[in-house]
Amino acid sequence: MRLAAPCAVLGWSGAALAGGSLGVSPPPETPVQWQAIGVFMVFVALTLVITWFAAKRTGSTEEFYSAGGNLRGFQNGMAIAGDWMSAATFLGMSGLVFTFGMDGIVYAIGAAISWPIIMFLLSDRVRNLGRHTYMDVVAYRLDNTAMRTLGSLSSLTIIFLYLTAQMVGAGALIQILFGLPYWVAVTLVGVLMSIYVSFGGMLATSWIQIIKAGILLVGGTILGAMALARFGYSLDTMLQSASTASPLGRDVLLPGNLLGDPVAALSLGLAFLFGPAGLPHILMRFYTVPDGRTARRSVSWASLFIAYFQIVVFLIGLAAITLLAGQDQFFAGDGKLIGGANMAALHLSQLLGGQWLLGVVSAVTFATILAVVAGLTLSAASTFSHDLYATVIARGNRDERREILISRVATVAVGLVAIGLGIVFEKQNVAFMATLSLAVAASVNFALLFLSLFWAGLTTRGALWGGIAGLVSSIVMVVLSAAVWVDVLGNAAPLFPYPHPTIFSLPLTLAVAVLASLSDRSARADRERAAYAGQLAISETGEQPDTSLPPAFATNDR
Amino acid sequence: MSRAREGSGVPGGPAVSRRTVDLMLTAATTMLFLGFLWLVIGQPGAFSAQAVIAAGFALIAYAVASTWFYQRWIDAGEDRRRGS
């Protein structure tokens, strides 16, 4: 089961491969790779220096949670891309294309297609209505305590599921890449992410994401260019070679090798479309810029970087089909790629550039994992200190210094819990965690954000019932699916036939929230509905409603 | 108040609120992606690899272009409203 882990680290791409369909083989005895460790040490030293400088500029909650709101659109776009371009995007997707061929294009599009949705529906609205977390938006006109409690529950569910999948995967992957023991790798990741976040807050986390995104883009481009050069930069040549070299033959050029069922494909598609729009660590990034306009600009840059990277990684995976074929040094005795299909890009880097390129790409991969878990940790700490402590427990009577202290303590606690979960789940198949986290993000966080921003009729009761329905249904359907019911619990057949629940759980959330809101006749519900017009104006303009506004921003929607 | 005119704030723009435009764009994007999935997965073998890749890259290009043009469109509307 160990090598379910590299599959799981790869997060949302890897999640689709739950059930071991990727065909991984046991890790070999890996020698210590000094080139990789050397490059990685440079990255760690650089990030620690950044953290030291950031710590001197992180004294207020505004600075800790939102980097003072001073990032530019380009910088935040890079940081958002860094948050999104995890090892999943790089190793998971290239491995997926290497194994299943044309289905990889679905994942490439899926990773890019959510950004227009985030742009159209959320980016500036979330920025204009909130301060530190997305729950500021949902709780804007609804009951603060109820909404933040529900939001904290769903956000922490998402974060800890994804964090655990990342930690387990990171441990196994680093074991292969660097030759370090599993527990050392997990502890190293946990300690470093705690240092970054507790001392440097959002400023350090943002710059680590920016640097990581930069080196990932450069590294991917170099590897992609070297691979494409072998085919004379001809896509036709690459496709013809792949159909000859792949064990699937010409089928490698046909979609459906992995995503055979249209309903499963549509459910995955909905998770791709709306899941990222509900991820707390992505939404939190909109508060690092000064205004809604810069938030929109951030999404434009992020979509450009992410789209470019998706295409590069798709081509790397396609090239690997041909270039790795017949290279016996990369295959185990059972004919499978050493370390599993997710290692395709790394083996390709060794083939094309020797130990040094492998070292650089390995170090970039480790840096990628580190940056992603830092973003998740900061988001979890903010949920504890901003949503739970400052608003629910202190009821708004917040002490800023105490809140920052709680954030830092929460960061260390999250780091320790993440290390513990990583070690406890070492030998478990955790691929379902990534599936579940994206399903909850789409079915709870996105659904509630969408209704609160676009439907005047949403009430606290509707949001609560809808959110609970989405959370429970997502968890139940994933537990009853093959990824848990068969692969983890050892049953013969799944009770829920699809790998992704979003096609059922998202409509369920929306339906329950609408019905519960429509049937809410309380005075509080009337007040909440009446507050929508003001919220709408602020969400679209960032300004308090003004009767002198031109009719462009007037509305009679209520 | 009356229904928003020139909802996006863009000269000659549609006579609907920005909210309506955003929802229509979201629905169109969703249909594009789900339609692609339905065609490609639902009818394996109906399209060549080159066609699937071309359509896929076109969708990715749409994702980038739509965010860029949308951002400029809304920025222009804000500038117009503020009289700059």
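The values are calculated or read from the model by the stated rules, or taken from the named source; none is laboratory data. On a predicted model such as this, the values are computed, not experimentally measured, just so you know. FYI the Cβ positions are ideal-geometry reconstructions off the backbone, even for glycines, and counts take in every protein chain you see.
To keep it simple, each residue is scored yes or no on (1) under 21 Å from A:Thr145 (Cα atoms); (2) without any contact (Cβ under 8 Å) to a residue 60 or more places away in the chain; (3) β-branched (Val, Ile, Thr); (4) crowded, with 20+ Cβ neighbours inside 10 Å.
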position: A:Ala442; (1), (2), (3), (4): no, no, no, yes
position: A:Leu451; (1), (2), (3), (4): yes, no, no, yes
position: A:Phe454; (1), (2), (3), (4): no, no, no, no
position: A:Ser474; (1), (2), (3), (4): no, yes, no, yes
position: A:Val486; (1), (2), (3), (4): no, no, yes, no
position: A:Leu495; (1), (2), (3), (4): no, yes, no, no
position: A:Pro501; (1), (2), (3), (4): no, no, no, yes
position: A:Ala511; (1), (2), (3), (4): no, yes, no, no
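Look at segment A:382-411: where a residue is surrounded by 13 or more Cβ atoms within 10 Å (Cβ to Cβ) and a partner is among the hydroxyl-bearing types (Ser, Thr, Tyr) and in a loop (DSSP other than H, G, I, E, B), sitting 6+ places away or on another chain with Cβ atoms under 8 Å, you get A:Ser382/A:Thr133; A:Thr383/A:Thr133; A:His386/A:Thr133; A:Asp387/A:Thr133; A:Glu400/A:Ser60; A:Ile404/A:Ser60. Report whether or not A:Ala172 is among the hydrophobic types (A, V, I, L, M, F, W, C), without any contact (Cβ under 8 Å) to a residue 60 or more places away in the chain and away from every other protein chain (no Cβ under 14 Å). It is false that A:Ala172 is among the hydrophobic types (A, V, I, L, M, F, W, C), without any contact (Cβ under 8 Å) to a residue 60 or more places away in the chain and away from every other protein chain (no Cβ under 14 Å).
When segment A:433-474 is filtered for residues that are closer than 22 Å to A:Ser114 by Cβ and among the β-branched types (Val, Ile, Thr), the ones remaining, listed by number, are A:Thr435, A:Val440, A:Val444. Residues A:Ser123, A:Ser154: which one is crowded, with 24+ Cβ neighbours inside 10 Å, among the polar types (S, T, N, Q) and within 13 Å of another protein chain (Cβ to nearest Cβ)? Going through A:Ser123, A:Ser154 in turn, just one is crowded, with 24+ Cβ neighbours inside 10 Å, among the polar types (S, T, N, Q) and within 13 Å of another protein chain (Cβ to nearest Cβ): A:Ser123.
If you go through segment A:31-77 and keep only what is in contact (Cβ under 8 Å) with a residue 40 or more places away in the chain, part of a helix (DSSP H, G or I) and small (Gly, Ala, Ser), you end up with A:Ala36, A:Gly38, A:Ala54, A:Ala55, A:Ser66, A:Ala67, A:Gly68, A:Gly69, A:Gly73, A:Gly77.
Can you find a residue that is among the aromatic types (Phe, Trp, Tyr), under 19 Å from A:Gly110 (Cβ atoms) and in contact with a helix residue (DSSP H, G or I) (Cβ under 8 Å, 6 or more places away or on another chain) anywhere in segment A:485-503? Checking segment A:485-503: at least one residue is among the aromatic types (Phe, Trp, Tyr), under 19 Å from A:Gly110 (Cβ atoms) and in contact with a helix residue (DSSP H, G or I) (Cβ under 8 Å, 6 or more places away or on another chain).
To keep it simple, each residue is scored yes or no on (1) surrounded by fewer than 23 Cβ atoms within 10 Å (Cβ to Cβ); (2) under 19 Å from the mean Cα position of the chain (by Cα); (3) closer than 30 Å to A:Ser385 by Cα.
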position: A:Gly179; (1), (2), (3): yes, no, no
position: A:Ala185; (1), (2), (3): no, no, yes
position: A:Val189; (1), (2), (3): no, yes, yes
position: A:Ser194; (1), (2), (3): no, yes, yes
position: A:Thr205; (1), (2), (3): no, yes, yes
position: A:Ile210; (1), (2), (3): yes, yes, yes
position: A:Gly214; (1), (2), (3): yes, yes, no
position: A:Ile222; (1), (2), (3): yes, no, no
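Out of curiosity, is A:Phe305 over 15 Å from A:Leu96 (Cβ atoms) and either among the aliphatic types (A, V, I, L, M) or assigned to a helix (DSSP H, G or I) (or both)? Against the criterion (over 15 Å from A:Leu96 (Cβ atoms) and either among the aliphatic types (A, V, I, L, M) or assigned to a helix (DSSP H, G or I) (or both)), A:Phe305 qualifies. Given the condition under 25 Å from the mean Cα position of the chain (by Cα) and part of a helix (DSSP H, G or I), answer yes or no: does some residue in segment A:250-263 qualify? Taking every residue of segment A:250-263 in turn, at least one turns out to be under 25 Å from the mean Cα position of the chain (by Cα) and part of a helix (DSSP H, G or I). If you go through segment A:452-473 and pick out every residue that is hydroxyl-bearing (Ser, Thr, Tyr) and more than 15 Å from A:Ala139 (Cα to Cα), you end up with 1.
Residue check: is A:Gly171 in a helix (DSSP H, G or I), under 17 Å from A:Val472 (Cβ atoms) and touching a Phe, Trp or Tyr at 6+ places or on another chain (Cβ under 9 Å)?
Values: in a helix (DSSP H, G or I): yes; under 17 Å from A:Val472 (Cβ atoms): no; touching a Phe, Trp or Tyr at 6+ places or on another chain (Cβ under 9 Å): yes.
Considered against the rule, which asks whether it is in a helix (DSSP H, G or I), under 17 Å from A:Val472 (Cβ atoms) and touching a Phe, Trp or Tyr at 6+ places or on another chain (Cβ under 9 Å), A:Gly171 comes out as no.
All conditions but one from (1) surrounded by fewer than 24 Cβ atoms within 10 Å (Cβ to Cβ); (2) at pLDDT 95 or above apply to A:Asp261; the one that does not is (2).
Sort through A:Ile311, A:Ile338, A:Ile316 and tell me the only one that's under 30 Å from A:Met119 (Cβ atoms) and surrounded by fewer than 24 Cβ atoms within 10 Å (Cβ to Cβ). Step through it out loud before you land on a result.
Details: A:Ile338 fails: under 30 Å from A:Met119 (Cβ atoms); A:Ile316 fails: surrounded by fewer than 24 Cβ atoms within 10 Å (Cβ to Cβ).
From the options A:Ile311, A:Ile338, A:Ile316, the qualifying one is A:Ile311.
Looking only at segment B:37-49, residues that are assigned to a helix (DSSP H, G or I), facing another protein chain (nearest Cβ under 7 Å) and surrounded by fewer than 21 Cβ atoms within 10 Å (Cβ to Cβ) come to 2 in all.
Restricting segment A:176-221 to residues that are free of Cβ contacts under 8 Å to residues at least 60 places away in the same chain and either in a helix (DSSP H, G or I) or of a type in the set (Val, Ile, Thr) (or both) leaves a set whose member that is farthest from A:Val39 (Cα to Cα) is A:Val184.
Looking at segment B:50-84 only, could you name the residues that are of a type in the set (Ser, Thr, Tyr), more than 7 Å from chain A (Cβ to nearest Cβ) and assigned to a helix (DSSP H, G or I)?
Let us first name the residues in segment B:50-84 that are of a type in the set (Ser, Thr, Tyr), namely B:62, B:66-67, B:70, B:84.
Now narrow it down to the ones that are more than 7 Å from chain A (Cβ to nearest Cβ): B:62, B:84.
Residue satisfying the conditions is B:Tyr62 alone.
So, in segment A:95-112, of the ones that are more than 7 Å from chain B (Cβ to nearest Cβ) and among the small types (Gly, Ala, Ser), which residue ends up surrounded by the most Cβ atoms within 10 Å (Cβ to Cβ)? Spell out the reasoning first.
Taking segment A:95-112 first, the residues more than 7 Å from chain B (Cβ to nearest Cβ) are A:95-101, A:103-104, A:107, A:110-111.
Still in the running and among the small types (Gly, Ala, Ser): A:95, A:101, A:104, A:110-111.
On the way: A:Gly95: 32, A:Gly101: 27, A:Gly104: 28, A:Gly110: 24, A:Ala111: 25.
Ranking the qualifying residues of segment A:95-112, first place goes to A:Gly95.
Condition test on A:Met135, is it modelled with pLDDT under 95 and crowded, with 24+ Cβ neighbours inside 10 Å? Yes, satisfied. Looking across segment A:431-456, just one residue is over 15 Å from A:Gly467 (Cα atoms) and β-branched (Val, Ile, Thr), and that is A:Thr435. All of A:Leu536, A:Leu549, A:Leu506 fail the test of being within 14 Å of chain B (Cβ to nearest Cβ), under 30 Å from A:Arg131 (Cβ atoms) and modelled with pLDDT of 95 or more, apart from A:Leu506.
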